[in-house]
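Following: one structure in structure tokens, then a few remarks.
The values are calculated or read from the model by the stated rules, or taken from the named source; none is laboratory data. All figures in this text were calculated on a predicted structure; none of them were measured in a lab. No Cβ is skipped: glycine too gets one built from the backbone with ideal geometry, and neighbour counts run over all protein chains shown.
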Amino acid sequence: MRILACINLAMLCIISACTDRQDVEGIMTVDLNRDYPEKQYILQDFMNVEYVPLESSDAFITRAAVRAVGEKYFVLENSGKLLLFDRHTGKGIRVIDHKGQGAEEYTNAYKVEIDEVKDELFVNDSGTY
């Protein structure tokens with residue numbers, strides 16, 4: 001078995017030594033001391049960007065993380081509260097605050113899925129097993 005492993009290793013070394021290593025292209029180098037011209041990118045040029053101004057009130061604090069985006073709704077999460085917004089108008093529809101450790105509660109709204117046909121939200125709670 002050792003002889004077979006040594007033969008395979010020797011063949012691998014011979015094959016790798018016979019390849020042409022002079023053709024090295026595609027390596028990008030950056031001179032950190034050089035001043036490069038500033039380039040401004042506009043997102044609309046290479047992405048589909050949609051701006052929706054959100055309703056901002058005491059009930060709908062909009063500093064939150066996006067958890068789900070659908071055709072009609074999108075869901076943000078702020079300190080355990082799920083904020084449901086209309087995607088087209090930005091109007092706040094509902095605040096869902098079921099954070100806890102009891103039945104029908106979640107400890108961490110890790111991922112949210114929207115079923116827009118049945119108007120249901122599914123919360124993947126990463127804190128309970």
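For segment 63-79, filtered to residues that are within 22 Å of residue 119 (Cβ to Cβ) and either outside any strand (DSSP E or B) or touching a Cys at 6+ places or on another chain (Cβ under 9 Å) (or both), the residue that is modelled with the lowest pLDDT is 64.
Test residue 120 against the criterion of being surrounded by fewer than 10 Cβ atoms within 10 Å (Cβ to Cβ) and more than 21 Å from residue 55 (Cα to Cα), and give yes or no. Answer is yes for this residue.
For segment 84-101, a tally of residues being part of a strand (DSSP E or B) and among the small types (Gly, Ala, Ser) returns 1. For residue 104, all conditions in the list (1) on the phi < 0 side of the Ramachandran plot; (2) assigned to a loop (DSSP other than H, G, I, E, B) hold save one; what is the number of the exception? Residue 104 satisfies all of (1) on the phi < 0 side of the Ramachandran plot; (2) assigned to a loop (DSSP other than H, G, I, E, B) except (1). When the residues of segment 26-81 are filtered to those that are surrounded by 10 or more Cβ atoms within 10 Å (Cβ to Cβ) and small (Gly, Ala, Ser), the one that is farthest from the chain's Cα centre (by Cα) is 59.
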